[in-house]
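Just so you know, all these numbers are worked out from the coordinates, no wet-lab data involved. For clarity, every value in this text was computed on a predicted model and none was experimentally measured. With ideal geometry, Cβ positions are generated from the backbone for all residues, glycine too; neighbour counts draw on all protein chains shown.
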Amino acid sequence: MRIKNKAVKTAFLFILTASLVLALSACSKSSSGTTGGVRRTEVLLDTVVTITLLDGDEEDLDAVFDYLETEGNRLDRYSDSEISELSTTPTVLSDDVFTLLSDSKAFSDTSGDAFDPVLGALADVWQIQEPEVREAPSVDTVAEALTHSGNSLLMLNEDTKEAWLTDEAAGVDLGASAKGYLGDLATEFLKERGVNQALLSLGGNIVAIGDKNGNGYLVGVENPFDQSQDPIAVLTLSDKSAVTSGDYQRYFEDAEGNRYHHILDPKTGYPADSGLSQVVVVADSSEEADMLSTALFVMGKDKAIDFMKTYDPNHEIGLIFTEKDGTVSVSDNLKDIFEMNTSDTDTFSFQFFSLS
Ligand code: ADP
Ligand code: MG
């Protein structure tokens, strides 16, 4: 994957500042007893990737960054990839690409199409990459793109591993699941090299591998209204992934100051307007957390909570919803690892909710 232009790069370096502060505080607070550790940040996967290895070295870092670049390119619709070459002719895909496509299609059905991997045509007309001022596409342009979008346009043959689209103008966009999937792949890759204590941040998708000698990693929940402020809460994570979807991560504004962010409602073709500003999902699988955070953002808090009661009957997945009015709702299964961090009670109010 590549950063498409300098402005995008600058925007993501801004995001980097916020996440790095968190990663650094995570390390300094509980680094006692560790011998060294290495960290590196690179612009990769169209975002900023920071990897900290507590029991790895520079060679492991070289290897895992190379691995992420290669795997990332294979899932990117803007690279020369199996994904970008999907057409109306059935093509046999590599196993891992097929798996992610098939997981994404299945989850799309489960989510009632709140999550949709066949939004390429819509993503092309919106082109949401960077904070800039420009006009939104016309209603007709969005309506036309919507007719070439939708999970049902993607066909998969599980036996032959073939995939194809039934509409020439449709395109697969794995932007809402690929980074999570890559987080899981990188975890396996590192473990195979003997690295068992690490913290990965793939553009804000966090994966905590192992722990810090018995302590969890401290990971901040970004302030969705102002990322230059301290995190609004801190999660203590061991062997878990925390993935965030927010309306502040990628967006542009029109001349009147209306904000158009990058999480699209597949039913309307417009940025999801569900009353939420941010969703954080804490789960064992980063791929699942990534797909869920996007889908739950589209659904809005009430529908999302109803959905999760059925989807996750054992309440293993942690959820944080921040609404546009500053209400932060935290699932009670996070009680032991969630700590509020803001004194700004004028802006934020916190409450726990039960999933049962
Ligand atoms: P990020 O990529 O910033 O981590 P998300 O995981 O929420 O955020 O994914 C948003 C990206 O996924 C968009 O940039 C777009 O490529 C794609 N996308 C947007 N809306 C949806 C949706 N409803 N379902 C699936 N993919 C989406
Ligand atoms: Mg996502």
Estimated Rh, the stretch 166-282: Kirkwood, alpha-carbon pairs, angstrom:
16.4
Quarter of Cα convex hull surface for the stretch 50-156, i.e. mean projection, nm²:
9.9
Taking other Cβ within 10 Å of each residue's Cβ, how do K191, K212, K335 sort, fewest first?
K335, K191, K212
Most exposed first by the Cβ proxy, i.e. fewest other Cβ within 10 Å, how do M299, M291, M340 rank?
M340, M299, M291
Report the local net charge at K335: Lys and Arg +1, Asp and Glu -1, summed over other residues whose C-beta lies under 15 Å from its C-beta.
-3
Which net charge results when you count Lys and Arg as +1 and Asp and Glu as -1 among the other residues whose beta-carbon is under 13 Å from that of D344?
-3
In what order do S102, S285 fall by count of nearby beta-carbon atoms within 10 Å, going from fewest to most?
S102, S285
Provide the per-residue ³J(HN,Hα) series for the stretch 138-143, in order, calculated from phi with Karplus coefficients 6.51, -1.76, 1.60 and θ = phi - 60°, each as a whole number of Hz, with x at glycine and proline positions.
5, 4, 5, 4, 5, 4
What pairs from K191/K212; K105/K161; K179/K301; K301/K324; K105/K267; K303/K324 go past 18 Å between their alpha carbons?
K179/K301
Let me have the 222 nm mean residue ellipticity of the chain computed from DSSP H runs of 4+ only, each contributing -39500 (n - 2.57), with the sum over all residues rounded to the nearest 500.
-10500 deg cm²/dmol
Using only the Cα atoms, what convex hull volume per residue in Å³ does the stretch 250-317 have?
91
Centre separation in Å (Cα based) which lies between the stretch 123-188 and the stretch 241-291
15
Dmax and Rg, reported as Rg then Dmax, of the chain (C-alpha, Å)
19.6, 61
Rounded to whole Hz and in sequence order, give me ³J(HN,Hα) for the stretch 103-109 from the Karplus expression 6.51 cos²θ - 1.76 cosθ + 1.60, θ = phi - 60°, writing x for Gly and Pro.
4, 5, 5, 5, 5, 4, 4
After finding the eigenvalues of the alpha carbon gyration tensor for the stretch 212-356, what semi-axes result from the square roots of 5 times each, listed largest first in whole Å?
24, 19, 14
By how many nm would the segment from F225 to T268 lengthen if fully extended, with 0.36 nm per residue of separation less the alpha-carbon distance?
13.0 nm
